Amino acid sequence: MEDGRIVLCGANAYEQKYYFNEQFAAIPDSIKEELRIICVLFTEEVGGIITIVFEEDGSVSLETDAEEGDILYDEISSGLMIREIRRNRQEMFESLSLYYRVFVLHEEFEG
């Protein structure tokens with residue numbers, strides 16, 4: 001993305017498609033599968049589009065969107081589900097952030 005953010009993965013309920021950025025192919029398969037499940041289940045339950053993005057500083061953001069006029073998309077459920085995903089998968093998102101900061105931004109690991 002032009003603003004220094006990079007899409008990791010996402011799903012689109014309208015096209016019924018899942019996308020994973022192959023730039024991150026080195027991420028373990030178990031994490032890739034968990035990301036796929038998160039995205040696909042989100043779009044199955046809430047609809048719309050979900051995108052998981054690495055921010056410029058390496059943090060991980062979850063973003064949702066819906067097509068204009070989509071009366072089936074539930075913004076309240078979307079917000080609740082995003083909070084639940086963040087709470088339940090906090091450790092995984094922290095690990096992804098660390099992965100990005102070390103292998104993409106080339107920051108020193110202080111562990």
Tell me which residues, restricted to segment 55-88, are part of a loop (DSSP other than H, G, I, E, B), open to solvent by less than 100 Å² (accessible area, probe 1.4 Å) and of a type in the set (A, V, I, L, M). 66
Considering only residues that are under 11 Å from the mean Cα position of the chain (by Cα) and within 15 Å of residue 54 (Cα to Cα), look in segment 22-38 and name the one that is surrounded by the most Cβ atoms within 10 Å (Cβ to Cβ). 35
Counting just the residues of segment 1-16 that are charged (D, E, K, R) and either farther than 16 Å from residue 105 by Cβ or at pLDDT below 95 (or both), which one comes out surrounded by the most Cβ atoms within 10 Å (Cβ to Cβ)? 15
Among the residues that make up segment 28-44, is at least one of them within 29 Å of residue 107 (Cβ to Cβ) and polar (S, T, N, Q)? yes
Out of 42, 54, which single residue is aromatic (Phe, Trp, Tyr) and under 17 Å from residue 94 (Cα atoms)? 54
Hey, any hits in segment 20-39 for a residue that's assigned to a strand (DSSP E or B) and in contact with a helix residue (DSSP H, G or I) (Cβ under 9 Å, 6 or more places away or on another chain)? yes
In the set 55, 63, the lone residue that is within 14 Å of the chain's Cα centre (by Cα), charged (D, E, K, R), at pLDDT 95 or above and within 26 Å of residue 108 (Cβ to Cβ) is 55
All conditions in (1) open to solvent by 60 Å² or more (accessible area, probe 1.4 Å); (2) over 13 Å from the mean Cα position of the chain (by Cα); (3) aromatic (Phe, Trp, Tyr) are true of residue 19 except (2)
Inside segment 89-111, can you point out the residues that are open to solvent by less than 90 Å² (accessible area, probe 1.4 Å) and either of a type in the set (Asp, Glu) or assigned to a helix (DSSP H, G or I) (or both)? 92, 93, 95, 96, 97, 98, 99, 100, 101, 102, 107
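The values are calculated or read from the model by the stated rules, or taken from the named source; none is laboratory data. Please read these numbers as outputs of a predicted model, since none were measured by experiment. Backbone-built Cβ (ideal geometry, glycine too); neighbour counts: all protein chains shown. The protein model used for the area step is the full one, side chains on, heavy atoms only, and it has no ligands, DNA or RNA in it. Shrake-Rupley method; radii C 1.70, N 1.55, O 1.52, S 1.80 Å.
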